[in-house]
Amino acid sequence: MSASASLNPARPARSLRELRRTIFSQIGWIACGLALFCVIGPLIDIVGVVAYHGIAAFSGKLFTTTTNGVSGGLLNAIEGTFAISLFGMLIAVPVGVGAGIYLSEYGANRVGSTIRFLSDVLTGTPSIVLGYFSYIVFVTSLGWDFSLLAAAITLAILIVPYLARITELALRQVPVSMREAAFALGATEPTVVFKIILPGAASGVMTGALLALAISVGETAPLIYTAGWSNFLWNGKFTHEPVGYLTYVIWTFIDQPNPQSHALAFAAAFLVMLVVLAINIGVRLTLRRNRVI
């Protein structure tokens with residue numbers, strides 16, 4: 001035994017290092033598992049609580065009647081959320097995609113750098129600040145009062161920077177050889193941009209639009225200052241008419257002392273969660289389809 005140890009003096013030291021490495025590796029895996037639990041645990045708890053109480057509050061009345069005080073249904077809030085997000089996207093998508101095209105194709109200058117800087121600043125601005133700005137400009141100065149148009153423009157201001165930067169990154173992924181080939185065939189710049197580059201980056205642009213939609217659906221603070229609240233269905237007026245929306249129900253009704261308002265708050269939260277989940281699944285499918293292609 002001693003002769004074998006004398007022939008391999010490094011073997012005990014190597015075994016000690018391997019044991020130490022194994023111990024540290026196990027400690028690292030345990031620490032990573034605890035960190036993962038700290039992240040996923042609260043998320044699972046929140047989703048579970050919202051889903052349990054939200055599903056329990058589901059009924060036919062919830063989707064067919066409007067809110068009556070702190071009871072009733074959510075038809076007005078569902079319609080208002082859809083209308084605000086739709087018109088907000090109609091405003092934001094052309095502006096955001098156009099800004100992304102400019103930054104990608106013509107933004108290698110001081111103007112482009114300034115736009116990127118301002119876009120990053122606007123991205124980091126709290127949404128409640130944008131809501132207060134819109135309240136001063138649209139609700140009071142222009143005299144629109146609480147209205148759908150003020151809320152839609154505010155959401156558009158909020159999501160344009162995200163959409164512009166995602167569009168820019170998507171367009172930059174299109175190979176330069178495609179641009180050169182199009183120009184070599186005599187195509188003009190608008191033709192190259194709108195028939196070659198933009199279709200080639202369609203999946204990335206669609207992903208940006210879906211993410212922007214998810215942001216708009218989950219916003220509360222800007223809408224409190226611009227959309228107000230209404231127990232009635234939207235009557236088609238873009239100004240001088242408040243609109244209901246789901247996040248207001250979540251924010252307000254959960255503080256009420258009666259169980260009916262709590263049920264509506266959980267139902268609204270579950271609906272918002274389902275919409276955001278569906279949008280994120282759409283983003284995943286779009287990205288997967290892009291990778292397959």
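Would you pick out the residues in region 113-131 that are of a type outside the set (Val, Ile, Thr) and within 30 Å of residue 218 (Cβ to Cβ)?
Across region 113-131, the qualifying residues are 116, 117, 118, 119, 120, 122, 124, 126, 127, 130, 131.
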Checklist entry - What number of residues within region 210-252 satisfy the criterion of being closer than 17 Å to residue 154 by Cβ and not in a loop (DSSP other than H, G, I, E, B)? => result 16
Next on the checklist: Out of 220, 226, I need the residue that is assigned by TED's automatic domain parsing to the domain that holds residue 86, surrounded by fewer than 20 Cβ atoms within 10 Å (Cβ to Cβ) and touching a Phe, Trp or Tyr at 6+ places or on another chain (Cβ under 8 Å). Which one?
Outcome noted: 220
Checklist entry - In region 116-135, what residues are of a type in the set (A, V, I, L, M) and either over 25 Å from residue 227 (Cα atoms) or within 17 Å of the chain's Cα centre (by Cα) (or both)? => result 118, 122, 128, 130
Checklist outcome for this item: Out of (1) assigned by TED's automatic domain parsing to the domain that holds residue 214; (2) part of a helix (DSSP H, G or I); (3) surrounded by fewer than 18 Cβ atoms within 10 Å (Cβ to Cβ); (4) not small (Gly, Ala, Ser), the one residue 145 does not meet is (2)
Checklist entry - Applying the selection to region 178-222, what residues are in contact with a helix residue (DSSP H, G or I) (Cβ under 6 Å, 6 or more places away or on another chain), within 12 Å of residue 167 (Cα to Cα) and free of Cβ contacts under 8 Å to residues at least 60 places away in the same chain? => result 201
Next on the checklist: Out of the residues in region 76-115 meeting the condition of being among the hydroxyl-bearing types (Ser, Thr, Tyr) and farther than 30 Å from residue 231 by Cβ, tell me which one is surrounded by the most Cβ atoms within 10 Å (Cβ to Cβ).
Outcome noted: 104
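The values are calculated or read from the model by the stated rules, or taken from the named source; none is laboratory data. Every value quoted in this text rests on a predicted model; they were computed, and no experiment measured them. Neighbour counts run over all protein chains shown; Cβ positions are idealised from the backbone, glycine included.
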